[in-house]
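J.: This is the structure, below, for whatever I ask next.
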Amino acid sequence: MAKGVGTIYVCQSCGKQSPKSLGKCPACGEWNTFVEERARAVPKGAAARGSLQGREAQPVAFADIESQDDVRVSTGITEFDRVLGGGIVPGSLVLIGGDPGIGKSTLLLEVADKLSASGRRVLYVSGEESERQIKMRGERLGVEARNLYLLPETNLESIFAEIEREEPGAVIVDSIQTVFSSQIESAPGSVSQVREVAGRFLTFAKSRGVPVFLIGHVTKDGSIAGPKALEHIVDTVLYFEGDRHHNHRIVRATKNRFGAANELGVFEMTGTGLKPVANPSEIFLQERPENAAGSVVMVSMEGTRPMLVEVQALVSSAQYNYPLRKAQGYAEGRLALLIAVLEKRVKGYNLREKDVFINVAGGLDIDEPAADLGVVAAIASSFSDAPLNGQTAVFGEVGLTGEVRGAMQAQARAREAQTLGFKKLIMPASNAEGLQRLLNLRAVGVRTVEEALRELF
Ligand code: TYD
Ligand code: MG
């Protein structure tokens, strides 16, 4: 392409623009992400005015704005409603990401079915599959909706022409990377295109009060392909977590303007689609080995829901001079820190010449401080080859001096452990006070890691 007016280079990872191509992006640090794109033409129409309503915006008195919370629309799929924060908010723009084949199209087709069954016109725009393919999937899922319309189209302008005609009550776009605007010269899926497309759907969703779901592909490192920028535009970001090798699927809200971030929905992939799992703790503990050293049950808060999860550790003699510290479903930096605390603050745990592996069972990603004590306990258990009592669960944050710190929602966690039949709960002392009276299980408050390990073994 000749270097004409308006040729720019755009980082495909974060959207940083530069007049010349760069090897390393100065904004996000990624390598070889700059791609030549044409500068955006000055937009015409509503977008040029910069208002979300599609007309000139006027200031509105705060008191006069109607509250929206009562108008959430249930999808009829309990776990999906839950990740959204209690149903669909009209006019919301939701991005759903996940690995290929994990179930994005399946989930959204089920949502489309349920929404159209409640009387809404739903438009399912597909740039990836033909109507036939979608129909076949739909038959498998038992979709019988009359109000569901499929549109195999990738041109943004044509899609909006169709939307104007059909006036749908909900729109699903599968996937955003396949849709392109002919007003922009860059290839579909590039940062400029994806941003333009998302921007157009944002204006549409907000001005008409129609919910829009965008399916997004993810890259190798698990972020939505191309634009981080996309996550800032949308109201809600949902990710399929874990991998395809489990039957269950975890959908997590990593951002939600209308509900708790980190909220989880758990589904099971069956021969006839994704089915909500009412009690995820049971699923995550299902295959727990009995009397095995290195296996610990911890109580984690995922969004607003407490969940019991098995964490496993394997401590073995280091194969190399440099010991390995690997974790699946848990941050490796945090793991290294916990190993250092255990070594320094508790006598007898010499882990310098040991490889340490951590695995959170069930493909869950645990990312909360209160998981620390579970990880430490699992390492200690594997190190000394001492299995824990199968009816004991733990939670608590571990500090650098080896202290066990309080966690939020201690009562909800304790109740979940009790519900699942656990008899003993090792938890932060600061949380344990007063809890005993409420529970049938023995809540043991501990102040330090050393104390916790003494209680456990
Ligand atoms: P799909 O929704 O096409 O994934 P994505 O859109 O995220 O790429 O899901 C495809 C997988 O799900 C495929 O491996 C088949 C499986 N599947 C079932 O097990 N049961 C079903 O009822 C359906 C529709 C799909
Ligand atoms: Mg798909």
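The values are calculated or read from the model by the stated rules, or taken from the named source; none is laboratory data. Bear in mind the structure is a predicted one, so any value in this text is a computation, not a measurement. Every residue, glycine as well, gets a Cβ built from its backbone with ideal geometry; the counts of neighbours run over all protein chains shown. The accessibility values were calculated without ligands, DNA or RNA, using every heavy atom of the protein model including side chains. Shrake-Rupley method; radii C 1.70, N 1.55, O 1.52, S 1.80 Å.
J.: Any residue in segment 397-408 that's assigned to a loop (DSSP other than H, G, I, E, B): show its pairings with residues that are surrounded by fewer than 17 Cβ atoms within 10 Å (Cβ to Cβ) and of a type in the set (Gly, Ala, Ser) at Cβ separation under 6 Å, as long as the two are six or more apart or on different chains.
T.: Every condition considered, the pairs that remain are Gly406/Ser430.
J.: Now, a different point. Please go through segment 251-282 and pick out each residue that is open to solvent by 30 Å² or more (accessible area, probe 1.4 Å) and of a type in the set (A, V, I, L, M, F, W, C).
T.: Passing the criteria: Phe258, Ala260, Ala261, Met269, Ala278.
J.: Could you please tell me which pairs satisfy a Cβ distance under 7 Å, a separation of 6+ or placement on different chains, a first residue in segment 332-353 that is within 14 Å of Ala377 (Cβ to Cβ), and a second residue that is open to solvent by 80 Å² or more (accessible area, probe 1.4 Å) and of a type in the set (A, V, I, L, M)?
T.: Val341/Leu400
J.: Shifting gears a bit: Name every residue in segment 130-160 that is of a type outside the set (A, V, I, L, M), in contact with an Asp or Glu (Cβ under 8 Å, 6 or more places away or on another chain) and open to solvent by less than 30 Å² (accessible area, probe 1.4 Å), in order of residue number.
T.: Gly138
J.: Restrict the check to segment 307-326 and report whether at least one residue is of a type in the set (Phe, Trp, Tyr) and buried (at least 16 other Cβ atoms within 10 Å of the Cβ).
T.: Step one: list which residues in segment 307-326 are of a type in the set (Phe, Trp, Tyr), which gives 320, 322.
Subset that is buried (at least 16 other Cβ atoms within 10 Å of the Cβ): none.
No.
Table: residues versus (1) within 11 Å of ligand 2 (Cβ to nearest atom); (2) within 23 Å of the chain's Cα centre (by Cα); (3) more than 24 Å from His248 (Cα to Cα); (4) modelled with pLDDT under 95.
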| site | (1), (2), (3), (4) |
| --- | --- |
| Gly91 | no, yes, yes, yes |
| Asp99 | yes, yes, no, yes |
| Ile102 | yes, yes, no, yes |
| Leu108 | yes, yes, no, no |
| Arg140 | no, no, no, yes |
| Arg146 | no, no, yes, yes |
| Ser158 | no, no, yes, no |
| Ala161 | no, no, yes, no |
| Asp174 | yes, yes, no, yes |
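J.: Which pairs turn up if I take residues in segment 89-103 that are of a type in the set (Ser, Thr, Tyr) and look for partners that are open to solvent by 10 Å² or more (accessible area, probe 1.4 Å) and part of a loop (DSSP other than H, G, I, E, B) with beta carbon separation below 9 Å, at least 6 apart in sequence or on another chain?
T.: Qualifying pairs under 9 Å: Ser92/Arg257; Ser92/Phe258.
J.: If you don't mind, there's one more thing I want to ask. Count, please, the residues in segment 161-214 that happen to be assigned to a strand (DSSP E or B) and either assigned by TED's automatic domain parsing to the domain that holds Thr33 or open to solvent by 10 Å² or more (accessible area, probe 1.4 Å) (or both). Break it down into steps so the answer makes sense when it comes.
T.: Within segment 161-214, the subset assigned to a strand (DSSP E or B) is 170-174, 180, 212-214.
Among the residues that remain, those that are also either assigned by TED's automatic domain parsing to the domain that holds Thr33 or open to solvent by 10 Å² or more (accessible area, probe 1.4 Å) (or both) are: 180.
Within segment 161-214, residues that are assigned to a strand (DSSP E or B) and either assigned by TED's automatic domain parsing to the domain that holds Thr33 or open to solvent by 10 Å² or more (accessible area, probe 1.4 Å) (or both) number 1.
Yes/no matrix, rows are residues, columns are (1) more than 16 Å from ligand 1 (Cβ to nearest atom); (2) of a type in the set (D, E, K, R):
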site	(1), (2)
Glu157	yes, yes
Val173	no, no
Ala198	yes, no
Leu214	no, no
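J.: Something else about it: Of the conditions (1) under 28 Å from His246 (Cβ atoms); (2) surrounded by 13 or more Cβ atoms within 10 Å (Cβ to Cβ); (3) of a type in the set (A, V, I, L, M); (4) within 16 Å of ligand 1 (Cβ to nearest atom), Ile88 fails just one. Which one is it?
T.: Answer for Ile88: the failing condition is (4).
J.: What number of residues in segment 359-379 are in contact with a His (Cβ under 6 Å, 6 or more places away or on another chain) and open to solvent by less than 10 Å² (accessible area, probe 1.4 Å)? Reasoning before the result, please.
T.: Our first condition is that a residue be in contact with a His (Cβ under 6 Å, 6 or more places away or on another chain); within segment 359-379, this holds for 363.
Filter again for open to solvent by less than 10 Å² (accessible area, probe 1.4 Å), leaving none.
Here the count works out to 0.
J.: Evaluate segment 92-112: report whether one residue or more is surrounded by fewer than 18 Cβ atoms within 10 Å (Cβ to Cβ), more than 9 Å from ligand 1 (Cβ to nearest atom) and either of a type in the set (Phe, Trp, Tyr) or not assigned by TED's automatic domain parsing to the domain that holds Thr304 (or both).
T.: no
J.: Just one of (1) among the β-branched types (Val, Ile, Thr); (2) in contact with a Phe, Trp or Tyr (Cβ under 9 Å, 6 or more places away or on another chain); (3) over 12 Å from Ile215 (Cα atoms) trips up Val83, so point out which.
T.: Failing condition for Val83: (2).
J.: Looking at the structure I just gave you, is Ala292 in a loop (DSSP other than H, G, I, E, B) and of a type in the set (A, V, I, L, M)? Steps first, answer last, please.
T.: Details: in a loop (DSSP other than H, G, I, E, B): yes; of a type in the set (A, V, I, L, M): yes.
So Ala292 fits the description; yes.
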